[in-house]
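Here is the structure we will look at.
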Amino acid sequence: MSPKPINDKSQNYGFETRMIHAGAQPEPITGARQTPIHQNTSYVFHDADHAASLFNLQTFGFIYSRLTNPTVAVLEERIANLEDGRGATCCASGHAAQILTFFAIMEPGDSFIASNRLYGGSITQFGKTFKKFDWQATFVDVDDPENVRNALTPNCKAIFVESLANPGGVVSDLESLSEIARDAGVPLIVDNTMATPYLCRPFEWGADLVVHSTTKFLSGNGTSVGGCVVDSGRFNWAQNDKFTGLAAPEPAYHGLNFYESFGDMAFTTHAHAVGLRDLGSTMAPMNAFHTLLGCETLALRMERHCENARKVAEFLESHPNVAWVSSAALPSSPYYELARKYMPKGAGAVFTFGVKGGYDVGIKVVDNCEIFSHLANIGDAKSLILHPASTTHRQLTEEQRIAAGAGPDVIRLSVGLETIDDITADLDQALRAASN
Ligand SMILES: *Cc1c(COP(=O)(O)O)cnc(C)c1O
C-alpha cells in the first residue's frame, strides 16, 4: 500500500513533515521511494485530442521539459507548500527567477521600487540589465517604509525587498511594506533566500510573491544553481489595468486571459506557459533532485546554521581585531527587534563584520582561513568567507557598496555546520595572523 500524498493543507502537517514529503509520492510503477530524476525532454501524447488540450492549457500534463518536468514539478510543489503558497515555478537560477517574475508583470517603460540593500548581483541585474528591457528600478532605503510610499509613481508595478538582506543582516519590515503595496495595488515581492521558509514566512505578513535562489540554503550543499518564484495566489491581477500580461487576452493562446481562466494559479501558469516557454531558463531535473534532498533536512540545518552563526557573531563582537559586527542575531543590531518579529527561530547564517585595518587586512583574513572556504556562495554546509568589496560587489560604485553594506573593511561569513569551536578558532587565528 502506498502512503497517501502529503500535500493536502487541511491535514495540517508540521513543517518538518512537509519538508520531507510535500509534493512527492512513491513512484507508482516501480515503488521507488525517492523522487526519480526524470532526465527526459518530452512526453508521449495519448492521442491528437490530448495533445491539443495540453497545448491549449485545458489539461494539465507534461509536454516538453522546457515548460514542465516531473522531477522539477515535485520541487515546485515542495517549495510552494513550505512557503504556504498556491504555486511555484522553478528555474535555472535565482536571477532567472527574478527575470521570470518581472517578465510576468512589467511592460517596457514600467518601473518598480527595490531596496537599495539587496544582494549585489540583484542591484546589478535590476539597475543595469533590466534597463535593456526598458524596466526602471528605483532603489530606496526601505528602513523607513515611507520612503517607498514617496517613491511610488503611476507606472510602478511592484515593490521588491529581501526578507533578510545579503549580506549585512538587514531585516525588512514586511508588514508595513505590504500595506504600502496593497494601497498602491502592486505586489510585494520578497526574496526569501537568506531566511528560507523555515525562518521567515513572507506570505503571513502580506507578501504576494516570494523568490528564491535555491542555490543557497534550500539545496544546502553547494551542488546546484537554481531558482524559484512562489505565488501566494492572493493578489488580484485584475484590480487595476497594470497587469496586462496576466489579466488581458494573450494572443499566443487564442486570447486566453490567465487571471480569468486560472484565478489563483494565474501567475504560476503564466510563468510556465509563457515565461519558461519564451525565456527558456528551465531548471535541470538533476538540480531539482539535489535541491529536493536539501529540502529534506532544511529545518535541522537552519537550526544549527543559526546557532553557530549567533555564536560566531558573539565571538567576533568581543574580538580585539574586529571593529564591528552586523548580525541581526545580536542585541546590538538595529534590526534585532525586526528579526525577532519576522524570523523568531533565528536570524540566519550570513552576516558581516568589519576588520580593523580595512581593505588590506580584510583580504589577508580571507587568505589565512583554513576551514572557511574563500568563495562567492552562501548556504553551504561548509563555512564560507568572502570579501565583498573585491568580489561580489566589485561591479558597484563605492557609494552603492557602502549602501549595500559592502564597504572596504567588510567581510561576509556564511557560517556552516562544522564543530563550533573549530569555526571560531579558525577565525581567531586568521584575524591574528592578518593583523600582525
Ligand atoms: C545568490 C542570491 C541571488 C541570486 O541567485 P543565483 O542562484 O546566484 O542566480 C539572489 N538573491 C539573493 C539574496 C542571493 O543570495
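Where a number appears in this text, it was derived from the coordinates with a stated rule and is not lab data. This is a predicted model, so every value here is computed, not measured. Reconstructed Cβ throughout: ideal geometry from the backbone, glycine too, with neighbour counts over all protein chains shown.
Details
- Calculated [222 nm] ellipticity per residue, helices only, for the chain: -10000 deg cm²/dmol; basis is -39500 (n - 2.57) per DSSP H run with n ≥ 4, divided by all residues, nearest 500.
- Considering only 56, 270, 225, and ranking their Cα positions along the charge dipole of the chain that arises from unit charges at the beta-carbon of Lys, Arg, Asp and Glu, the one farthest toward the positive end is 225.
- Among 214, 269, 223, 30, a tally of other beta-carbon atoms within 10 Å of each Cβ gives an order, fewest to most, of 30, 223, 269, 214.
- Simple spin-label estimate for residue 303 and residue 399 gives 4.7 nm between the two label positions (7 Å along the Cα-to-Cβ direction from each Cα).
- Ranked packing of 65-73, 51-59, 371-379, most packed first, by mean Cβ within 10 Å: 65-73, 371-379, 51-59
- Under the Debye formula (equal points on every Cα, no solvent term), log10 I(q)/I(0) of the stretch 288-346 at q = 0.21, 0.24, 0.30 Å⁻¹: -0.84, -0.95, -1.17
- For the pair residue 53 and residue 33, label points projected 7 Å from Cα toward Cβ lie 3.6 nm apart.
- Between 422, 278, 47, the Gaussian network model of the chain with springs among Cα atoms under 10 angstrom shows the greatest mean-square fluctuation at 47.
- With the charge dipole of the chain set up from +1 on Lys and Arg Cβ and -1 on Asp and Glu Cβ about the Cα centre, the Cα lying farthest toward the positive end among the listed residues 42, 395, 105 is that of 42.
- About its Cα centre, the dipole of the chain is roughly 440 debye, where the only charges are +1 on Lys and Arg Cβ and -1 on Asp and Glu Cβ.
- Order of 38, 393 under a 10 Å beta carbon neighbour criterion, fewest first: 38, 393
- Whole-Å distance, taken between Cα centres, linking the stretch 322-384 and the stretch 223-294: 34 Å
- Axis angle, to the nearest 10 degrees, between helix 358-368 and the longest C-alpha principal axis of the chain: 80 degrees.
- Kirkwood-type radius of the stretch 15-294, with distances r between different C-alpha atoms, in Å: 19.0 Å
- Note on the chain: with a GNM built from Cα contacts shorter than 10 Å, the maximum mean-square fluctuation among 169, 61, 23 falls on 61.
- Take every DSSP beta bridge whose two residues both sit in the chain; close to 60 percent of them are antiparallel.
- Legend: distances between Cα atoms for 311/382; 131/341; 157/341; pairs beyond 24 Å are 131/341; 157/341.
- Rounded to the nearest 20 debye, dipole of the stretch 307-378 from Cβ charges on Lys, Arg, Asp, Glu: 280 debye
- Of all the options 339, 48, 404, the one that moves most in a Gaussian network model of the chain with Cα springs shorter than 10 angstrom is 48.
- Computed about its Cα centre, the charge dipole of the stretch 299-435 is approximately 380 debye, with only Lys, Arg, Asp and Glu carrying charge at their Cβ.
- Gyration tensor (alpha-carbon) shape descriptor, the stretch 92-194, a/c threshold 1.5: oblate
- Placing unit charges on the Cβ atoms of the charged side chains and taking the dipole of the chain about its Cα centre, the candidate lying farthest along the positive direction among 339, 192, 156 is 192.
- Tilt relative to the chain, helix 94-105 - C-alpha long axis, 0 to 90 degrees, to 10: 50 degrees
- Relative packing of peptides 196-204, 246-254 - highest average C-beta neighbours within 10 Å first: 196-204, 246-254
- Nearest 10 degrees, 0 to 90: helix 70-82 Cα axis against the chain principal axis: 60 degrees
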